[in-house]
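The values are calculated or read from the model by the stated rules, or taken from the named source; none is laboratory data. Since we're looking at a predicted model, the values are computed, not measured. Glycine also receives a Cβ, built like all others from the backbone with ideal geometry; neighbour counts cover every protein chain displayed. Just so you know, the surface numbers come from the protein's heavy atoms only, side chains and all, with ligands and any DNA or RNA stripped out. Shrake-Rupley method; radii C 1.70, N 1.55, O 1.52, S 1.80 Å.
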Amino acid sequence: MSRRRNSIMSYQLKEQIAQELGFAGTLQQEGFGGVSSRDCGNMVKMAIELAERNLPGSNMT
């Protein structure tokens, strides 16, 4: 039985990151089931980088 979790990232943010990484078309046509695990990993990596840049007191550019 699968368990559904509340997502931390909004679907809009996921779409934006997918667009930047170049697989938004696949996401729109097939959903996350059609997105490769490598692309999902790259999405997570980018989301972490975005979050770290937006932390208060962050000096990253």
Fill in the blank from the handout: In degrees, nearest 10, the alpha-carbon axis of helix 37-53 is tilted away from the dominant principal axis of the alpha carbons of the chain by 30 degrees
Completion exercise
Between the residues ASN6, GLY25, PRO56, the Cα farthest towards the positive end of the dipole of the chain, that dipole coming from +1 and -1 charges on the beta-carbon of Lys, Arg, Asp and Glu, is from ASN6
Practice task
Using only the Cα atoms of segment 10-54, construct the convex hull and provide its projected area averaged over every direction, in square nanometres to one decimal.
Solution key: 2.9 nm²
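Can you give me the accessible area per residue for the chain, using a 1.4 Å probe, in Å²? Numbers along the way, then the final one.
Numbers: 5320 Å² over 61 residues.
Here the per-residue accessible area is 87 Å².
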Problem - Accessible-area value, ARG53, 1.4 Å probe, nucleic acids and ligands omitted, Å² - result: 110 Å²
Fill in the blank from the handout: Expected vector for segment 8-15, Karplus 3J(HN,Hα) from phi with 6.51, -1.76, 1.60 and θ = phi - 60°, integer Hz, x for Gly and Pro, equals 7, 8, 6, 5, 4, 5, 4, 5
